[in-house]
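Worksheet for the structure shown next.
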Amino acid sequence: MMSEEFEEVEEIDEFDPEEDLIIRAKWIMDGARTLDEAITKVEEFADYLRELKQQGWQLIAPIEDDYGFLRRPDQEN
């Protein structure tokens with residue numbers, strides 16, 4: 001089920017696959033054989049998210065059903 005925010009994003013065609021990003025975390029720990037490996041994978045993903053934030057990316061709607069839609073404010077449509 002999609003939130004009203006995502007429905008709005010789709011309805012007004014705000015998401016631009018050429019300029020915007022989608023983040024997902026569903027398979028972040030796949031392949032981990034130990035808790036330490038799982039921790040490392042999660043930490044690497046957190047580092048990736050921090051990099052995106054430092055580059056100016058922001059969510060354009062709340063993350064729902066594992067989908068996060070990102071945009072840089074300087075790329076507003």
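FYI, it's all coordinate maths here, none of it is from the lab. These numbers come from a predicted model, not from an experiment. FYI the Cβ positions are ideal-geometry reconstructions off the backbone, even for glycines, and counts take in every protein chain you see.
Which of the trypsin sites (Lys or Arg not before Pro) found in the stretch 24-72 are in a DSSP loop and have at most 16 neighbouring Cβ atoms, other than their own, within 10 Å?
On the way: sites: R24, K26, R33, K41, R50, K53, R71; in loops: R24, K26, R33.
The qualifying sites are R24, K26, R33.
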Exercise for the section: Sticking with the crude label model, points 7 Å out along Cα→Cβ, report the distance from I39 to Q54 in nm, one decimal please. Expected result: 2.3 nm
Problem - Rounded to whole Hz, the Karplus (6.51, -1.76, 1.60) HN-Hα couplings of the stretch 20-32, x for glycine and proline - result: 9, 10, 10, 10, 9, 10, 3, 10, 3, 9, 4, x, 5
